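Reviewing the structure listed below.
The values are calculated or read from the model by the stated rules, or taken from the named source; none is laboratory data. Here the structure is a predicted model, which is why all the values come from computation and not from measurement. Counting neighbours? That spans all protein chains shown, and the Cβs are built from the backbone with ideal geometry, glycine included. Note: accessible area is taken over every heavy atom of the protein model, side chains too, but ligands, DNA and RNA are not part of it. Shrake-Rupley method; radii C 1.70, N 1.55, O 1.52, S 1.80 Å.
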Amino acid sequence: MAADNERAVEANEGLNNKMDIDNDANASGGDMQEKDCFILEQEYVEDDDCDISFNIEEAEDVPTDDELEYEMDEDDEECWDELHYPTIEMRPKGYKPPDASPPSQMGEDSKALLLWRERDENSFSDWRIKVVAEAGGSGGKVTIYNVHRFALAKGPKKCGYFEALLQSDCFSENSECMCTVKLSEEIAAHFPDFLDYLYAQPSDSKCVINFENWKSMRYLANYFLLPRLTEEVGDFIEKDMKNYDLEHIADYVSEFNRDISDDMSIRILPEATVACAEMILSIEADSKLLSIIPPTMLRKILKNILRLDKASPIDNRIHAMSLLLSYLEQSEEVEESTFVSYFLPSYFAYDCFGPDFGLYFYEEEDENDAALVSRAELALRWFSLIKRRGWGNVDSFHYDDIWGQFGCKSYWREWLSDLFRRSKTPPSFELMERIVKEAPSDIVARLLSDYFLAIRERTGNS
């Protein structure tokens, strides 16, 4: 038991000794007013004579996925696909799961255990938590919660923080039966949810977690050393992603892409990748989700989509390729070396995209004028992109085999040529004008030759 106590105290001291002595916890009590749920609130004013301080240091910035050096290993990539994503079922645009269950509700027995919501004289409270909601780094509103030591430091949902605090004689808070915590306004607003989680029956406690409070609950779990809550926040996120709400998924990707080495990020990001791959037809070019996906994640999404072979119609693959182009057009930070390394290595372009960059026709019935026009428009976007970004210049990278006449440009040239040779109706004047303006001159010359040849074939003239 002594050893456990020592470890708990050490864990608490690991919070950078943020807790100082509160010599006068009730100094401003005259300004307090009783509010709903019998919580006391007051405006918090810093007092130079008061020793209370419980400063929560802002988390240090960590490099995002875009800021890290990209490293790829082909064997790791294959293992990633085989172990985590053996099958991907592409969902139709706007898909909603038919069996989406409503949020679970807390049972009456658990509601009866929320004693911190009772009046102090009725709840037999033996501890108080003063929460200071800071706004912009300055003092803010104070809320005092009447709580119980057993709920904070005992049982399956005990907090390591409170266990160390209450079992130690080193902290003056024990004499005052109150501790002070400074939180941001957003996190402080969800502190009642955190207390509900601690007090509810274990089978019902996860009902407290929802999309509005999951970030705050995760923060409080880490702060008060409650790994069970951290785990159940992860469970909630995984379940919520099965509802295929792209706004929710974008929120998760944005949060966990901040530190891809974090345990929760390692757990959630692969599941988010699967959800994005399944819902790719619902992702729009101007969506928030597309703008925040890191290159590593987008690569896996596209690889899974374009490896579906005949299960993926040409229109779906055109949409996926259009998203890649929109991503590159919007993401100026994606450099040529990153693009080539992540989207054009041979084991990606040929094994997954196929010899026609993933946009070839499997069957004759797949070929239609609309698809031919879409491919031609994509080719023009590619030409415009690499010209605007300066990719393929000898001064930057010697990727002649990738960008040259035997590389990507050969695919794009074929897409334009097919428009003249295989479409049942001639291309529009507007599209012809774009081709002349945006395609490289040598390709335009060849295309015009194909165009006039196609006209003669249609009219039966030699």
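So the values come out like this:
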{"item": "Evaluation of Thr180 against (1) surrounded by fewer than 21 Cβ atoms within 10 Å (Cβ to Cβ); (2) touching a strand residue (DSSP E or B) at 6+ places or on another chain (Cβ under 9 Å) (one fails), failing number", "result": "(1)"}
{"item": "Some residue of region 284-302 being within 30 Å of Gly234 (Cα to Cα), buried (at least 17 other Cβ atoms within 10 Å of the Cβ) and either modelled with pLDDT under 70 or polar (S, T, N, Q) (or both)", "result": "yes"}
{"item": "Any chance Val142 is more than 34 Å from the chain's Cα centre (by Cα), on the phi < 0 side of the Ramachandran plot and of a type in the set (A, V, I, L, M)", "result": "no"}
{"item": "Selection from region 210-235 of residues that are among the hydrophobic types (A, V, I, L, M, F, W, C), over 18 Å from the mean Cα position of the chain (by Cα) and over 20 Å from Ala135 (Cα atoms)", "result": "Ala221, Phe224, Leu225, Leu226, Leu229"}
{"item": "Hits in region 130-170 - residues which are in a helix (DSSP H, G or I) and open to solvent by 40 Å² or more (accessible area, probe 1.4 Å)", "result": "Arg149, Phe150, Gln167"}
{"item": "Among residues of region 177-230, those that are over 17 Å from Lys141 (Cβ atoms), of a type in the set (Val, Ile, Thr) and not in a loop (DSSP other than H, G, I, E, B), counted", "result": "2"}
{"item": "Helices (runs of 4 or more DSSP H) wholly inside region 238-310 containing at least 2 residues that are aromatic (Phe, Trp, Tyr) and out of contact with any Gly (no Cβ under 8 Å at 6 or more places or on another chain)", "result": "246-256"}
{"item": "Test result for Leu225, open to solvent by less than 30 Å² (accessible area, probe 1.4 Å) and modelled with pLDDT of 95 or more", "result": "no"}
{"item": "Check on Tyr244, in contact with a helix residue (DSSP H, G or I) (Cβ under 7 Å, 6 or more places away or on another chain), under 19 Å from Met90 (Cβ atoms) and of a type in the set (Phe, Trp, Tyr)", "result": "yes"}
{"item": "Residue identified as modelled with pLDDT of 85 or more and among the hydroxyl-bearing types (Ser, Thr, Tyr) among Ser326, Ser346", "result": "Ser326"}
{"item": "Options Asp450, Asp418; residue that is over 27 Å from Ser337 (Cβ atoms), surrounded by 13 or more Cβ atoms within 10 Å (Cβ to Cβ) and at pLDDT below 85", "result": "Asp450"}
{"item": "Close pairs from region 248-277: first closer than 15 Å to Arg299 by Cα, partner among the basic types (Lys, Arg), Cβ under 6 Å, at least 6 apart", "result": "Thr273/Lys300"}
